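Everything on this sheet refers to the single structure shown next.
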Amino acid sequence: MIRTVPPLSVLLIALAGAAWAQDEATSPDTDAAPTEEAAPEAEAPAPAPEAEAPAAEDTETADPAETEAPDEPEAAADTQEAGTEEGDPAEGSEDAAAEAEATEEETLAAAGPEPVWEVGADWPYWGGDAAATRYSPLSQITPENVATLEQVFVYETGDMPEGTAEGKYSPEVTPLKFGEDLLMCSAMNRLISIDAATGEENWRYDPGVPNEAIPYGATCRGVTLYTDPEAAEGDVCATRLVQATLDAKLIAVDAATGVPCEGFGENGMVDLWQDIGERVPGWYAVTAPPVVVRGVLVTGAQVKDGQAEDAPSGVVRGFDAVTGELAWAWDLGAPEQNRQGPPEGEVYTRGTPNMWTTAVADEELGYVYLPMGNSSVDYYGSNRSEAENEYATSLVALDATTGEEVWHFQTVRRDVWDYDLGSQATLVDWQGTPAIILPSKQGDIYILDRETGEPLTPVDELTGLPSGEIEPDYISDTQPISAWHTLRKPDLTEQDMWGFTPIDQLWCRIQFRRANYDGFYTPPSSDRPWIQYPGYNGGSDWGSVAVDVERGIIVANYNDIPNYNRLIPREEVEALPINERPAGEGSGGEAGPQAGSPYGIKVNAGWRNTGTGVPCTSPPYGGIRAIDLETGETLWDRPLGTARRNGPFGIPSYLPLTIGTPNNGGAVLTASGLVFIGAATDNLFRAIDIETGETLWSVVLPAGGQANPITYEVDGRQYVMITAMGHHFMETGVGDEVMAWALPVTE
Amino acid sequence: MTTSDSFAPHRSRPHGRNWAVMVLGWVCILFGLVIGAGGIWLLLLGGSWYYALAGIGLVATGVLLNAHSMAAVWVYLVVWLGTLAWAWWEVGADWWAQVPRLVAPTLILVLVLLCIPALLRRR
C-alpha cells in the first residue's frame, strides 16, 4: 500500500480528469450558425482520385439501384434513359451529356420538362440525383471491402481565410461530379474544376468576393449545372456551372473551361441586390446552390438573423438559366404586385422570411419546393404581417414556370424559436404517391403529397401550449408535430444536467430550475432565461436526410442540443453597440439587437456552462438513425462522433470512445449498403453499415468534414469524397482539402 | 509499498499533523461548502436533495480529516455509497451521464482511503 499522502496537485488533476469527457462536448453547437440562418451550413468540397486505373469493378450492373432515378420525371427518362439503365455506371457521365442533348426537342416549350441527369458515375446535383435522395447506385465499395479503402488524392483549393475573414470560414462545400470533372466552389466563391480521378486542376474562376461580404460565415454549399437545350454541342456555355455568391451575385461560367457565359446577365453575372434596397455587406448573401427547374434558376438568400425588422426581403426569385433574365419573383408580402419585380422606385417587401437553404424541384410537375426560414427578427413576432405568419417556416411549392404558389405546409405556427426549415426536402414515391420528405429542425419528419401538399403520414397537434408573458396573444397554443417519426428526444429534466464535476453539474441544475421551461415550445421570456429544446441547430439541418430508395430506409443524422436564451429589454440593448454581437453567455453565446422590436435576444447555443464552456446537458449531442420508410419505425439509432478531439483544458484525448458530438452535414448512401458521413466534430470521415449502424471504416480528416460527401465513378473505379475544410462555429479547424478514396487497384 | 522514510518524523511526534491529510481536509470542506450552499439553493428552487446532503457529508469529512480522525473515512464512505446509489437511481448505466456524478467523488474516496495509514498512525 502506498502510504504517501496525496499532494494537492494530484487531487486537482484528479478532479480535472473527471471532467475530461465533457470536453468533447465543447463544441456543442454543431449546427451552425449562431446567427440563425446564416449559421447552418457546412460542407466540404470534393476530392478527386489520383490513380488512374479502373479497379476491377465488382459492381453488379444488374443492381436495381442503378435504374433508380427516383421520382424523376418520365419525360426526362425517355430522353435520357440509355446510360444508366444497366450497364456500367462509368458511362453515366457521358451518357448524361449526350442525353441532355438528345432531349432538345422536348424543351422547346419553355415551360416543358427538360431532361434530368441520373446519379451513378456522375453526381450531377447537389443532392445526388434531382430528387435529392443522396443515394448512389454504385456498389463497388461494399461493407466487406470498405476497410481497404485508400486515399487517392488530396486537392487543396488554396482558399484560406485572410485578414478579417479569419475565424469565419465554414465552407460546407459539396462538389458535383460531371463527366471527368469535379466542379465546386470554395468558401469565397472561387469556382474550381478538377479531374475527378487525379485531383489535378482543370480551371478556376475567381469572382473576387470581398471579405466584407461574409455574413455569418464564408460558405458556399455547392454549385448547379445546367445544359442549354438549344445550344449545340461544343458551344461555349452549352453546359454551364452556376453559383450564387456571398456578395449576392448569380454567376454562370462554361463548365468545361470556366469562361464566364457572356449571354448570361452582364458578362456572366446577375446582381441579386437588384430591387432589394440598401446594400449592407453581409446582410444579404447566398450560400446555397440554386436549383434549376424547367430552365429557371431558383435562388433565395440568407438574410442576417436577429438584426432589424427592416432587413432585406426574403424574396425568392427565378432567373432564365440561359439569359439570366428575371423570370419571376415570389415576394410573399406582395406576390401579385412584385411577380415581375417591384414597381419603379420600390423594393421587395422587407423583413420577410427567407430561404437560405437549398430547394428541390420536380421537373415533371414543374414545381420547386422552398424550405422557408423565419423573419429577420426571429424571437419576437407581434409585429409580423399576416403573410409572414402564413409562410414563415413553411415548405412552399411554387410553379416554377410562373412563380405562383401551388401550396404550402407550415411546420411551426408563429415561430419565435428560429426553427427555420434548414434541410433540403427529398422527393420519393411513397406507397404509390409522388411524395416529398420534409425534415425539420424540431426533428419531425413529414411526408407530403408533392402535388397537393397534403400530409401522407399522420400529423398530430400539440394543444394547450404555454403562451408566456411576452406576447401571449401572439404565441400559438397549438403546434403540429409528426406522429409518423420524429428525431426529437423527450423533454429535458434536471437529471439530464451534466458537467465535469458535481460542482458544474450542480450549477447547471440551478440554471435549469431558474429558467422558464415547460418542455417543447416553451415561449421566449425576459424576466428569466428560457430553455429551447431542441435548439435551432436541429434536429435536421442543411445536411438533410438521405434515402435508400431500394431498401426503403431514411438515414438521418441530427443534433440533440438545447439553447439557453433570454430576451433582453430594449433599454438594455440600447446600452450595447447596435449591430455588434456582444459577448454572449458562455462560448457559444451570441446576441442580436432585433432592432425595431421591443427586445434583443441573447442565445447561448448549445447551453454551455458559464466559465467552463462545458455543455449543461448530458451526451450524446448528436446521433444518426435509420428509419423504415414504409412504417416510420426506427431501425437503429446511435450517437455519432467520438471523444477523440476533446479532453480537459482543450487537450485532445484521442479516446476512440463514441460520445455523440454535434454534427453538421449529411450522408451519402450506396446501393451496396454503406452510409458515408463526416459531419461530427471529431473530424472523422466514416463508413457505416446501413443494416446495423456499425462503423466499418473511418479516417481522420485534416479539418472538420462539415460537408455532404459524394460518391462517383471514373473508368470503372468508384470513389468517395468529402471536403475537409472545418467550420468556425463547430470549432473543427480550417482547411482547404478536397479528398477522395477508392479501393486499391488490383493489377 | 511500505512506509517511506520521509514519514518517519511523524511517528516520533504523537500529536503531529500530516500536512497532506490537512490539505485534503480543507479541500473537502471547501468543496463541501460550495456544494452544500449550491445544494440548498437548488433545494429551494425545487431541485434535488442530493447536493445539500453531499455538501454536509463533505464538510463533515473535511473537519474529521483535519482532526485526524478515522471517522472521516467512515463518514466519507457513507457519502460515497449514498452517491453511488443516488447516481444509479438517477441515470443507471448511462456512463457518460455518470462522469460528473461518480468520477470526482470516487477520486476523493481514493484520496481519503490513502489517508488511512496516516490516520491510524496518529492514534
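Brief remarks on what is shown
- Condition met for A:W697 (surrounded by fewer than 24 Cβ atoms within 10 Å (Cβ to Cβ), in contact (Cβ under 8 Å) with a residue 12 or more places away in the chain, closer than 29 Å to A:E201 by Cα and not acidic (D, E)): yes
- In the range A:487-510, the residues that are crowded, with 21+ Cβ neighbours inside 10 Å and polar (S, T, N, Q): A:T501, A:Q505
- Any pair with Cβ under 8 angstrom, 6 or more apart, that starts in the range A:492-519 at a residue that is facing chain B (nearest Cβ under 10 Å) and small (G, A, S) and ends at one that is part of a helix (DSSP H, G or I) and open to solvent by less than 20 Å² (accessible area, probe 1.4 Å): A:G499/A:Q22; A:G499/A:Q505; A:G499/A:L506; A:G499/A:C508; A:G499/B:P100
- Residue among A:P620, A:P662, A:P639 that alone is in contact (Cβ under 8 Å) with a residue 24 or more places away in the chain, closer than 18 Å to A:M730 by Cβ and open to solvent by 10 Å² or more (accessible area, probe 1.4 Å): A:P620
- Restricting the range B:90-99 to residues that are more than 7 Å from chain A (Cβ to nearest Cβ) and open to solvent by less than 50 Å² (accessible area, probe 1.4 Å), the residue that is farthest from B:M70 (Cα to Cα) is B:G92.
- Residue under evaluation A:Q495, criteria (1) under 25 Å from A:W607 (Cβ atoms); (2) part of a loop (DSSP other than H, G, I, E, B), criterion not met: (2)
- Candidate set: the range B:49-63, residues that are more than 12 Å from B:V112 (Cβ to Cβ) and open to solvent by less than 20 Å² (accessible area, probe 1.4 Å); chosen: the one nearest to the other protein chains (Cβ to nearest Cβ): B:Y51
- Of everything in the range B:37-48 that is surrounded by fewer than 16 Cβ atoms within 10 Å (Cβ to Cβ) and more than 7 Å from every other protein chain (Cβ to nearest Cβ), the residue that is farthest from A:Y517 (Cα to Cα) is B:A37.
- Of the residues examined, A:V347 is not one that is open to solvent by 40 Å² or more (accessible area, probe 1.4 Å) and closer than 21 Å to A:A252 by Cβ.
- Checked against the criterion of being touching a Leu at 6+ places or on another chain (Cβ under 7 Å) and part of a loop (DSSP other than H, G, I, E, B), the candidates A:L421, A:L395 yield just one match: A:L421.
- Only one entry of A:E550, A:E585 meets the criterion of being modelled with pLDDT of 95 or more, part of a loop (DSSP other than H, G, I, E, B) and open to solvent by 10 Å² or more (accessible area, probe 1.4 Å), and that entry is A:E550.
- If you go through the range A:248-260 and keep only what is outside any strand (DSSP E or B) and surrounded by 24 or more Cβ atoms within 10 Å (Cβ to Cβ), you end up with A:A248, A:A255.
- Condition check for A:F500 on (1) within 25 Å of A:D415 (Cα to Cα); (2) of a type in the set (A, V, I, L, M, F, W, C); (3) at pLDDT below 95: one failure, at (1).
- Test for A:G464: is it away from every other protein chain (no Cβ under 13 Å), open to solvent by 10 Å² or more (accessible area, probe 1.4 Å) and under 30 Å from A:T631 (Cβ atoms): yes
- Subset of the range B:16-36 that is hydrophobic (A, V, I, L, M, F, W, C), farther than 19 Å from B:W80 by Cα and touching a helix residue (DSSP H, G or I) at 6+ places or on another chain (Cβ under 7 Å) - its residue that is farthest from the other protein chains (Cβ to nearest Cβ): B:M22
- Checked against the criterion of being in contact with a strand residue (DSSP E or B) (Cβ under 9 Å, 6 or more places away or on another chain), at pLDDT 95 or above and either over 19 Å from A:D420 (Cα atoms) or surrounded by fewer than 18 Cβ atoms within 10 Å (Cβ to Cβ) (or both), the range A:438-449 has at least one qualifying residue.
- Flag not set for A:W484, criterion: of a type outside the set (A, V, I, L, M) and either modelled with pLDDT under 95 or within 21 Å of A:Y517 (Cβ to Cβ) (or both).
- Some residue of the range A:286-298 being among the charged types (D, E, K, R), assigned to a loop (DSSP other than H, G, I, E, B) and touching a residue at least 40 places away in the same chain (Cβ under 8 Å): yes
- Boolean, A:L241 is buried (at least 24 other Cβ atoms within 10 Å of the Cβ), on the phi < 0 side of the Ramachandran plot and part of a strand (DSSP E or B): yes
Residue by residue, here is whether (1) away from every other protein chain (no Cβ under 13 Å); (2) over 23 Å from B:V34 (Cβ atoms); (3) not in a helix (DSSP H, G or I) holds:
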{"residue": "B:L65", "(1), (2), (3)": "no, no, no"}
{"residue": "B:Y76", "(1), (2), (3)": "yes, no, no"}
{"residue": "B:W88", "(1), (2), (3)": "no, yes, no"}
{"residue": "B:R101", "(1), (2), (3)": "no, no, no"}
{"residue": "B:L107", "(1), (2), (3)": "no, no, no"}
{"residue": "B:L111", "(1), (2), (3)": "no, no, no"}
{"residue": "B:P117", "(1), (2), (3)": "no, yes, no"}
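- Counting only strands (runs of 3 or more DSSP E) that sit completely within the range A:670-729, those holding 2 or more residues that are in contact with a Lys or Arg (Cβ under 8 Å, 6 or more places away or on another chain) correspond to A:674-677, A:695-700, A:710-714.
- Filter result (part of a loop (DSSP other than H, G, I, E, B), in contact with an Asp or Glu (Cβ under 7 Å, 6 or more places away or on another chain) and under 21 Å from A:S540 (Cβ atoms)) within the range A:455-487: A:L456, A:A483
Each row is one residue, and each column tells you yes or no for (1) within 24 Å of A:N664 (Cβ to Cβ); (2) open to solvent by less than 40 Å² (accessible area, probe 1.4 Å).
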| position | (1), (2) |
| --- | --- |
| A:N383 | no, no |
| A:T393 | yes, yes |
| A:A400 | no, yes |
| A:E404 | no, no |
| A:W407 | no, yes |
| A:W417 | yes, yes |
| A:L421 | yes, yes |
| A:Q424 | yes, yes |
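- Residue within the range B:64-82 that is among the polar types (S, T, N, Q) and closer than 17 Å to A:P502 by Cα present: no
The values are calculated or read from the model by the stated rules, or taken from the named source; none is laboratory data. In this text the structure is predicted, and so the values were computed from the model without any measurement. No Cβ is skipped: glycine too gets one built from the backbone with ideal geometry, and neighbour counts run over all protein chains shown. SASA here: full protein model, heavy atoms, side chains in, ligands and nucleic acids out. Shrake-Rupley method; radii C 1.70, N 1.55, O 1.52, S 1.80 Å.
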